[in-house]
Structure formats: C-alpha cells, structure tokens
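Peer 1: One structure is given below, represented as structure tokens, and several questions about it will come after.
What follows is calculated from the coordinates using simple rules that are stated; it is not laboratory data. A quick note: this is a predicted structure, and the numbers were derived from the prediction, not measured. We place every Cβ from the backbone using ideal geometry, glycine too, and count neighbours over all the protein chains shown.
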Amino acid sequence: MTVSPRPGEELPLAALAAWLQLPAVTVTQFPGGHSNLTYHLTAPGHESILRRPPLGPIPPKAHDMVREFRVLSAVHPHFPLAPKPIALCEDPAVLGAPFFLMEPRPGLILREPYSHPAPAALSQSFVDTLVQLHSVPLADPALAALGKPAGFVARQVTGWSERWRRAATPHSPDAARLLHYLEANLPPESAPTLVHNDYKLDNVVLAGARISAVLDWEMTTLGDPLIDLGLALTYWDHAPATGWFSRAELAAAWSRQTGRSLAHLPYHEILGRFKLAVILQQIYARWLHGQTQDPRFAHLDQRVAALIHEANSLL
C-alpha cells in the first residue's frame, strides 16, 4: 500500500518526468521503513519503483543507491527473488541525490511483523529463501566483485563500531564493554556466500505464505552467512510462540538445510543486535539534529538502549 509522499519527501515531478522522457508521472510513497525512501511511479505505459537516499546528511558509504543498483544487476540473474533493476541516475541535479528504478513486485509487506494467517509456512519460506540466497554459486565475476570475504567479520566489527561512535549523542548508552567483546572474540569464518546483510520479514514481499521478492540490497556483500542469520534472529526476537518458528527452530532449520554449524552463532546474534542499534542510532541522531522531521524517529533512542542492553546481557 502506498500513500501520498510525506511532507518534505515529495519528488520534483517535472524534473523526474523529464528524466523519464514522459509528459507526466504520478508518484506515491511506501510509508514503511526507516532508511531509504521508496516510491511507486506510474504513467501511461510505465510502472516502476524508485529508490533514493534519505534526506539530509548521511553517514559515509551509507545509502549508496548506485551500489544497490549494481548489486541487483549482479544478483538478479542468479537469484530471481531480487527485483530486476531498470535504470540508474547518478546525476544529483535531477532529484538531489542518485537514485534508481526497479521492477515492481506486487504482494504484501508485513509491517506488523507477526500478523499472518499461516505463520509456520511463512517461517519455513523465510528460512528456505535465506538458504537459497546462501546457495548461489559465486563463480560469476559480477558476484565475486561484490565483496572481499577474507576478514569480513573483522571489517564488520570495525565499520559498525566506527558508525556507532560517529552517531553517538550525549545520552547514548555506554557500549564500551560490548565493543571490547566484539573486537576481542572474533570467531573463525566459515566458507563465504552472498550475504544480504539486512534480511528480515519487512524486507521481503509475500504472495500468501510464499516469499515472492527480497528487497533492500544496498549492504549486500560476500562473507560469513552467519552474519545474515544472526541479524535475522535479532529481528525475530519478539515473535510470539503460537504458530511461528521459535528463534531456535529458525536457526536449526537453516543449519539443517545448509549443513553449516551453529557453533559461533551466539557471537553473530550479539553482533546483530549491535548492528541494529547502530542503524537506529544513526536515524535518531538525524532526527535529533533536525535533519529529518519524521515523528516516528523521536523515540528510537529507547529502542537503541534496549538493544545495547540485550546485547550486553548475551555476553
């Protein structure tokens, strides 16, 4: 479901239509999500999804729409659940930032995460899709160019720690103990796969209890697939018991289907909580400094504090 663009997040329709070489275009916005801005474009003979970065200053290397377009171009031929990219605009003069178009994938995105009539079947489809992603062969040079698997987890820890320090505000929770643990206890890495890096229920499109598309590919790389599982379990943490896979069942199903060990999963669950805390802290800092007016962001500091507390409790 789309709505009229939020105040301040409207697109310049004349400039967009001129770039599309169309006389006019109708734009609505997908209201969910806390990061990149996503719009539905329609015109006679045209329908597409537009993705652009959020407004205001953004962290270095974050919200890279050019990279996401190139990731989709590499991944879609091997993993059709990734939407097909259509066109890329690197000229910020059009919309104020680079953006790209991709094919629409009709279906349901769960914004109320656990309201679904077939939770067990959807839980299994969620695992199956992640297993399918982690089974994509990496022989294609376009896929091999998406990342450097050696040292991947260490770079994740370093990168997210730096993001945390840059986004910290005067009342941010103390994460020193957590950062020390992550840096001092790096686990051995397993054989690399494609890593989506933000795999969760509200980043997939549903057709009934089947996943028909996976969205939000900007952070995709190559590395240890336990990164994906640890973050997925972070988002899955509050699932009620009735009908849905428990977190343990979700992990066991992934392990059984991939043949991979879960010995180092606890580390990746802690890292997953920290990564989500950093993402929300970056968004909260933008709101606090007046770089976005979205009222949904006003209390994200409470969620950040809860995630840091959960991560510390897992140590």
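Peer 1: Would you work out the charge dipole size for the range 1-120 about its Cα centre, treating the Cβ of every Lys and Arg as +1 and the Cβ of every Asp and Glu as -1, and quote it to the nearest 20 debye?
Peer 2: With only Lys, Arg, Asp and Glu charged at Cβ, the dipole is about 220 debye.
Peer 1: Determine, for each peptide in 168-175, 100-107, the mean count of other beta carbons within 10 angstrom over its residues, then list the peptides with the highest first.
Peer 2: 100-107, 168-175
Peer 1: Mind running the shape call on the range 13-102? Use the C-alpha gyration tensor, a ≥ b ≥ c as the square roots of the eigenvalues: rounded below 1.5 for a/c, prolate if a/b tops b/c, oblate otherwise.
Peer 2: oblate
Peer 1: Tabulate in residue order the Karplus-calculated ³J(HN,Hα) for the range 97-105, using 6.51 cos²θ - 1.76 cosθ + 1.60 with θ = phi - 60°, rounded to whole Hz; enter x for Gly and Pro.
Peer 2: 6, x, 8, 9, 10, 9, 5, x, 10
Peer 1: Right, something else. With springs connecting C-alpha atoms under 10 Å apart, model the chain as a Gaussian network and identify which of Glu249, Glu68, Glu218 has the largest mean-square fluctuation.
Peer 2: Looking only at Glu249, Glu68, Glu218, the biggest GNM fluctuation is shown by Glu249.
Peer 1: Report the one residue of Pro44, Gly208, Phe274 whose Cα lies farthest in the direction of the positive end of the charge dipole of the chain (charges on C-beta: Lys and Arg +1, Asp and Glu -1; origin at the Cα centre).
Peer 2: Farthest towards the positive end: Phe274.
Peer 1: With the Cα gyration tensor of the range 198-312 giving a ≥ b ≥ c as the square roots of its eigenvalues, does the rule (a/c under 1.5 for rounded; else a/b larger than b/c for prolate; else oblate) give rounded, prolate or oblate?
Peer 2: prolate
Peer 1: Between Ala142 and Tyr114, what is the label-to-label distance in nm when each label sits 7 Å out along the Cα-to-Cβ direction?
Peer 2: 4.0
Peer 1: Using amide H atoms built 1.01 Å from N in the peptide plane, name the residues 5+ places from Ser212, or on other chains, whose amide H lies under 5 Å from its own.
Peer 2: Residues meeting the amide H criterion: Val205, Leu206, Ala207.
Peer 1: Follow-up question, since we're still on this one. What shape does the range 34-179 take by its C-alpha gyration tensor, where a ≥ b ≥ c are the square roots of the eigenvalues and a/c under 1.5 counts as rounded, a/b above b/c as prolate, and the rest as oblate?
Peer 2: Since a/c stays below 1.5, the shape of the range 34-179 is classed as rounded.
Peer 1: Also, quick follow-up: Within the range 59-116, which trypsin sites (Lys or Arg not before Pro) sit in a loop by DSSP and count at most 15 neighbouring Cβ atoms inside 10 Å?
Peer 2: Passing sites in the range 59-116 are Lys61, Arg111.
Peer 1: Which order results if Leu215, Leu95, Leu194, Leu314 are arranged by neighbouring Cβ count within 10 Å, fewest first?
Peer 2: Least crowded to most crowded, the residues run Leu314, Leu95, Leu215, Leu194.
Peer 1: Same structure again: Mind listing the phi-derived Karplus ³J(HN,Hα) values for the range 3-17, rounded to whole Hz, using 6.51, -1.76 and 1.60 with θ = phi - 60°, and x for any glycine or proline?
Peer 2: 9, 4, x, 4, x, x, 10, 5, 9, x, 5, 5, 5, 5, 4
Peer 1: Provide the gained length on full extension for the span Glu90 to His289, in nm with one decimal, where the gain is 0.36 nm per separating residue minus the Cα-Cα distance.
Peer 2: 68.9 nm
Peer 1: So, one more: Assign unit charges at the C-beta atoms only (+1 for Lys and Arg, -1 for Asp and Glu), then state the dipole size of the chain relative to its Cα centre in Debye, rounded to the nearest 20.
Peer 2: 180
Peer 1: Mind ordering 176-189, 36-49 by average Cβ neighbours within 10 Å, highest first?
Peer 2: In descending order of packing, they fall as 36-49, 176-189.
Peer 1: Can you tell me the order of 200-206, 77-83 when each peptide is scored by its average per-residue count of other Cβ atoms within 10 angstrom, highest first?
Peer 2: Descending packing order for the listed peptides: 200-206, 77-83.
Peer 1: Put +1 on the Cβ of every Lys and Arg and -1 on every Asp and Glu Cβ in the range 130-179; which of Ala167, Leu143, Ala154 then has its Cα farthest towards the positive end of the dipole?
Peer 2: Ranked along the dipole, the leading option is Ala167.
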